[in-house]
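Take a look at the structure set out below.
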Amino acid sequence: MQPTFLDRLCAAILNPDILNDASKRELISRAVADTLAVAAAGFPEPVTRNVLAAYRGNGPRAWSGEACESEEAAILVNGAAAHALDFDDVYLESMAHISTVLLPAVFRQGEDDPDEVLCAFAAGLVAAKAVARRVGPGHYHKGFHGTATIGTFAAAAACGRLAGLNAEQMGNALALAASMSAGLQVNFSTQTKPVHAGLAASAGYRAARLAQAGVTGSRNIFGQSGFADLYGVGDGEEEPGEDAFELRPDMISVKLYPCCYASHRLVGITLDAREVLGPRIADEGARYALKVPAGSISLLKHRRPQDSMQAKFSPTYPVAVALLRGTPTLADFADAAVTDADISAIIDQLDIIEDETQQSGGDIEFGAVTLTVTLPGEAPHEFTRSALPGSPLDPPTAAPLRDKFAGCLRIYSHATGSAFPILERVRDLGVDEWLAG
């Protein structure tokens, strides 16, 4: 009998050689460093404090050292912290912020074997990519949040691998994950979005734990009336090729700006223009026309954001910051910064135009964006960009990443007066070169 998609997925997750490539291991270590750094900066955030208030206890500790009522609660807190600032990496192959789900699920109290943790993380990456191919991109465009939905499968695979589940148990864990998969984009720009990551991570842990205890599930979760039928729009692959099950950490995009990834190409082209024109790009009387593929920035709903959460999902605010000051930083997304009069004036000078000749279908990577800058007394200056900054097509260099990580860790130390406690346990995960000092 021909193996089903679920059979193939379980086999790929349980492959004992899943992390036998030094370059892949290094990329996963970078993802670990990125996730821990942004989580450190996320712990002082209101959403993380609220989740902690709900789940404090005398049990396992979150990465911040604060005690929670259970292991699941600690995972939830860590996931919310890692996604609190929307500064965590993106795995577009899976339509998800995948590291922010996987690391909390597998790097928890008592799990210190670096090989086991990294292999479990790798197994989750494989699952995320394969499930995304099976359900199809229409799942995300329909309004589901892949971090929450596909992330639940990824976390179940990672936790199942860490727990030593066999193929039958792994199938049951994924069946349980299918019944826990949830998360809607309508909650973007609210505190529920970062909570999605924690919920997915803790659900994956729960699914693996239940499967290990003997709870069974359907073998047809990806068949008729299964996950892809109900959560997709019919554009998934019923029998994905072998490449769908390959480990590809090189496809993880690292965020260089603390806002929705759909805005990063807009920021990138603005910084391209600023590098050529210098600070005069923000001179009084300048006008800006930003043409984007139709549908590619549909997630960016707030032209005039009123708070930091809305600013992260704005097509204009991060561009205005880049025009006026250069690379947007975490400080630019504080509530007090969002109402800056100089930024508001730049937004007044900025037109966002959807290019109907480039129909993206909601794909933030599709086509190219064009920025036209008209300075007083000069002919228009035009710039074009296709690649998203930090993506495989425009990969980040080491220096800005180290600056990002150091800045995030400083936020934690300034807020608490101490170093981020979890760093005492991470050196064997290969993160020293990123988080040193």
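The values are calculated or read from the model by the stated rules, or taken from the named source; none is laboratory data. Please read all numbers here as calculations on a predicted model, not as lab measurements. In this analysis, Cβ positions are derived from the backbone assuming ideal geometry, glycine residues included, and neighbour counts consider all displayed protein chains. Ligands, DNA and RNA are excluded from the accessible area calculation, which covers all protein heavy atoms including side chains. Shrake-Rupley method; radii C 1.70, N 1.55, O 1.52, S 1.80 Å.
Relative contact order, percent, of region 1-137 when contacts are C-alpha pairs under 8 Å separated by at least 6 residues? Please list the in-between numbers first.
Details: 166 pairs, mean separation 36.4, N = 137.
Relative contact order for region 1-137 comes out at 27 percent.
The distance linking region 332-362 with region 103-153 is 32 Å (Cα centroid to Cα centroid, whole angstrom).
In units of 2.2 N^0.38 Å, what is the alpha-carbon radius of gyration of region 114-220?
1.03
The charge dipole of region 276-327, taken about its Cα centre with unit charges on the Cβ of Lys, Arg, Asp and Glu (plus for the first two, minus for the last two), comes to roughly 140 debye. With a simple spin-label model that places each label point 7 Å from the Cα along the Cα-to-Cβ direction, the separation between R410 and S70 comes to 4.0 nm. Projecting the Cα atoms of Q310, A331, S298 onto the charge dipole of region 296-346 (Cβ charges, centred on the Cα centre) puts S298 farthest toward the positive pole. Sort out for me the Cα centre separation of region 236-269 from region 283-305, rounded to whole Å. Rounded to whole Å, the Cα centres lie 22 Å apart. Note on the chain: dipole from Cβ charges, positive end direction compared against A155, H97, A81; the farthest Cα belongs to A81. If you bin all the Cα-Cα distances of the chain at 10 Å, starting from zero, the percentages per bin are 5, 23, 32, 25, 12, 4, 1, 0.
Rounded, prolate or oblate: which one fits region 1-50, using the alpha carbon gyration tensor with axes a ≥ b ≥ c (rounded when a/c is under 1.5, else prolate when a/b beats b/c, else oblate)? Could you put the intermediate results ahead of the total?
On the way: a/c = 5.98, a/b = 1.87, b/c = 3.20.
Oblate shape, in that a/c is at least 1.5 and b/c is the bigger or equal ratio.
Charge tally for P60 (other residues, Cβ to Cβ under 12 Å; Lys, Arg +1; Asp, Glu -1): -2.
A Förster radius of 41 Å combined with the Cβ-Cβ distance from E378 to V233 puts the calculated FRET efficiency at roughly 0.30.
How large is the Rg to Rh ratio of region 194-306 when both quantities use alpha carbon positions and Rh follows Kirkwood? List each step's numbers first, then the result.
Details: Rg = 21.9 Å, Rh = 19.6 Å.
Here Rg/Rh amounts to 1.12.
From the cross-link list K193/K291; K255/K301; K24/K129; K142/K193, which pairs have alpha carbons spaced over 22 Å apart?
On the way: K193/K291 28 Å; K255/K301 20 Å; K24/K129 15 Å; K142/K193 16 Å.
Checking Cα-Cα distances, K193/K291 exceed 22 Å.
Only sites in a loop by DSSP and with at most 14 other Cβ atoms within 10 Å count here; which GluC sites (Glu not before Pro) in region 353-386 make the cut? Before the final figure, lay out each step's value.
Numbers: sites: E354, E356, E365, E378, E382; in loops: E365, E378.
Qualifying residues, ordered by number: E378.
Ordered by 1.4 Å accessible area with all protein chains kept, L103, L199 run largest first as L199, L103.
Does region 347-411 come out rounded, prolate or oblate, given a ≥ b ≥ c as the square roots of the eigenvalues of its C-alpha gyration tensor, rounded meaning a/c under 1.5 and, failing that, prolate meaning a/b above b/c? Taking the square roots of the gyration eigenvalues as a ≥ b ≥ c, region 347-411 is oblate. Electrostatic tally near A368: other residues with Cβ closer than 11 Å to its Cβ, Lys and Arg +1, Asp and Glu -1, net +1. Peptide packing for 334-344, 74-84, 207-217 was compared via the average number of neighbouring C-beta atoms within 10 Å per residue; ordered from the highest value, the list is 74-84, 207-217, 334-344.
Mean-square fluctuations from a GNM of the chain, with a 10 angstrom spring cutoff on Cα atoms, peak among L375, L176, L52 at L375.
If DNA, RNA and ligands are ignored and the probe is 1.4 Å, what is the ranking of T374, T100 by accessible area, most exposed first? Display every interim value, and only then the final one.
Numbers: T374 50, T100 0 Å².
Sorted descending by solvent-accessible area, the residues read T374, T100.
Give the residue from A197, A37, F5 lying farthest towards the positive end of the charge dipole for the chain; charges sit on Cβ (+1 for Lys and Arg, -1 for Asp and Glu) and the dipole is referred to the Cα centre. Most positive-ward Cα: A197.
The phi-based Karplus calculation (6.51 cos²θ - 1.76 cosθ + 1.60; θ = phi - 60°) puts the 3J(HN,Hα) values of region 138-151 at x, 4, 6, 5, 6, x, 7, 9, x, 4, 7, 8, 5, x Hz, whole numbers, x for Gly and Pro.
Rounded to whole numbers, the Karplus 3J(HN,Hα) couplings from phi for region 401-410 are 5, 4, 5, 4, 5, 5, x, 5, 5, 5 Hz, using 6.51 cos²θ - 1.76 cosθ + 1.60 with θ = phi - 60°, and x at Gly and Pro. With a Förster radius of 51 Å applied to the beta-carbon distance between A345 and D21, the computed FRET efficiency rounds to 0.50.
Modelled spin labels at E275 and R304, positioned 7 Å past Cα toward Cβ, are 3.4 nm from each other. The value of relative contact order for the chain, using C-alpha pairs under 8 Å at least six residues apart, is 18 percent. Helix content alone sets the calculated 222 nm mean residue ellipticity of the chain: runs of n ≥ 4 DSSP H residues at -39500 (n - 2.57) each, divided across all residues, give -14500 deg cm²/dmol.
Converting the Cα gyration tensor eigenvalues of region 1-130 into ellipsoid dimensions via √(5λ) gives semi-axes, longest first, of 28, 16, 14 Å.
Highest-first packing order for the peptide set 415-423, 393-401 is 415-423, 393-401, based on the mean count of other beta carbon atoms within 10 Å.
When ranked by the protection proxy of mean other Cβ atoms within 10 Å per residue, highest first, what sequence do the peptides 128-141, 238-251, 158-171 form? Write out the running numbers ahead of the final one.
Numbers: 128-141: 24.2, 238-251: 14.6, 158-171: 21.9.
Ranked from most to least packed, the peptides come out as 128-141, 158-171, 238-251.
Charges were assigned to the Cβ only: +1 to each Lys and Arg, -1 to each Asp and Glu. The resulting dipole of the chain about its Cα centre is roughly 800 debye.
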